[in-house]
1. Of the conditions (1) assigned to a strand (DSSP E or B); (2) touching a helix residue (DSSP H, G or I) at 6+ places or on another chain (Cβ under 7 Å); (3) under 14 Å from Met148 (Cα atoms), Gln104 satisfies every one except a single condition; which number is it?
2. Please work out which residue is farthest from Leu159 (Cα to Cα), limiting yourself to segment 120-131 and to residues that are open to solvent by less than 40 Å² (accessible area, probe 1.4 Å) and out of contact with any strand residue (DSSP E or B) (no Cβ under 7 Å at 6 or more places or on another chain).
3. Of all the residues that make up segment 167-195, how many are farther than 27 Å from Ser90 by Cβ, among the aliphatic types (A, V, I, L, M) and touching a Phe, Trp or Tyr at 6+ places or on another chain (Cβ under 7 Å)?
4. If a residue has to be open to solvent by 20 Å² or more (accessible area, probe 1.4 Å) and in contact (Cβ under 8 Å) with a residue 40 or more places away in the chain to count, how many in segment 85-94 make the cut?
5. From Asp205, Asp142, grab the single residue that is more than 26 Å from Thr37 (Cβ to Cβ), acidic (Asp, Glu) and crowded, with 17+ Cβ neighbours inside 10 Å.
6. If you check Phe197, Phe191, which single one turns out to be surrounded by fewer than 13 Cβ atoms within 10 Å (Cβ to Cβ) and either at pLDDT 85 or above or of a type outside the set (A, V, I, L, M) (or both)?
7. Can you tell me how many residues in segment 56-84 are open to solvent by less than 30 Å² (accessible area, probe 1.4 Å) and part of a loop (DSSP other than H, G, I, E, B)?
8. Does any residue of segment 157-166 turn out to be touching a residue at least 60 places away in the same chain (Cβ under 8 Å) and either within 21 Å of Tyr79 (Cα to Cα) or touching a Phe, Trp or Tyr at 6+ places or on another chain (Cβ under 7 Å) (or both)?
Amino acid sequence: MDFTFSETRRDPGRDCFIYPAHSYLDRISIESLYRRTETDLLGLLLNGAEEADPFEPHTTRMLVMVEGELVACAELVAYSPLGLPLSGWSALGGLLRRSRRLVQVRRTVVRPEYADRSLPELPHGAVGGLLKGCLQWAVAQDVSDVVMEVAAPRVAERLAQLSATPVEGSRPDAPVATYRLSVNELVARGFRAGSPFYAYLLDYDESVLLHEHVPALA
């Protein structure tokens with residue numbers, strides 16, 4: 001399915017960009033953002049975020065920058081021969097391997113003062129901008145489904161509103177549950193739903209920069 005994005009204007013006087021990290025300075029900013037909190041937006045501990053990670057070669061970090069300051073970050077880990085870094089991968093892997101066009105979102109961190117703060121380029125806050133960048137990256141990479149581990153009930157409720165469903169074999173009432181979100185379903189909502197949020201997700205925005213090299217899916 002070919003998705004097209006309609007162009008929207010941005011404030012030329014403000015530096016506000018959503019893009020995949022690509023420099024050493026980006027990495028320093030990410031580590032600084034991680035140190036601001038013990039848990040990510042999904043309710044999971046950030047322990048080990050700065051340690052050696054075997055999934056690093058398959059990881060893309062999506063950033064939201066406002067006036068040169070990092071305000072949000074999420075890691076996108078592509079399916080590879082290693083599988084995905086889900087804590088229950090051994091039990092869930094057989095189910096998820098039916099579609100290898102998978103990406104796991106993890107270590108999602110947003111500065112609270114920007115989470116819902118509306119800007120001309122971020123009308124739904126940094127969380128909405130981060131979701132928009134991740135969605136358009138997923139479309140560009142031909143991803144079929146996004147999976148994530150969730151430990152915060154409120155976040156699980158919001159994911160359900162976006163059409164995310166618990167992965168078969170993962171109990172939604174467990175301390176950490178695995179959810180799966182169909183990229184096609186989320187994009188389709190932009191054409192069906194009357195909510196301006198879904199229209200925003202599909203709008204082409206020159207502030208979203210996806211031209212940098214990103215790891216290819218296996």
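The values are calculated or read from the model by the stated rules, or taken from the named source; none is laboratory data. No experiment lies behind these values; they were computed from the predicted model shown. Ideal geometry is used to build each Cβ from the backbone, glycine not excepted, and the neighbour counts take in all protein chains shown. Remember, those area values only see protein heavy atoms, side chains included, never the ligands or the DNA or RNA. Shrake-Rupley method; radii C 1.70, N 1.55, O 1.52, S 1.80 Å.
1. Failed condition: (2).
2. So the first thing to find is which residues in segment 120-131 are open to solvent by less than 40 Å² (accessible area, probe 1.4 Å), and the list is 121-122, 125-126, 128-130.
Next cut, out of contact with any strand residue (DSSP E or B) (no Cβ under 7 Å at 6 or more places or on another chain) only: 125, 128.
Details: Gly125: 17, Gly128: 13 Å.
Per the stated criteria, the residue is Gly125.
3. Count: 1.
4. Narrowing segment 85-94 to residues open to solvent by 20 Å² or more (accessible area, probe 1.4 Å): 85, 87-91, 94.
Narrowing further to those that are in contact (Cβ under 8 Å) with a residue 40 or more places away in the chain: 87-88, 91.
Going through segment 85-94 one residue at a time, the tally reaches 3.
5. Details: Asp142 fails: crowded, with 17+ Cβ neighbours inside 10 Å.
None of the others qualify; the one that does is Asp205.
6. Working: Phe197 fails: surrounded by fewer than 13 Cβ atoms within 10 Å (Cβ to Cβ).
From the options Phe197, Phe191, the qualifying one is Phe191.
7. Looking only at segment 56-84, we keep the residues that are open to solvent by less than 30 Å² (accessible area, probe 1.4 Å), and these are 59-66, 70-80, 83-84.
Adding the requirement that they be part of a loop (DSSP other than H, G, I, E, B) leaves 79, 84.
Here the count works out to 2.
8. As a first pass, look at segment 157-166 and keep what is touching a residue at least 60 places away in the same chain (Cβ under 8 Å): none.
No, because not a single residue in segment 157-166 is touching a residue at least 60 places away in the same chain (Cβ under 8 Å) and either within 21 Å of Tyr79 (Cα to Cα) or touching a Phe, Trp or Tyr at 6+ places or on another chain (Cβ under 7 Å) (or both).
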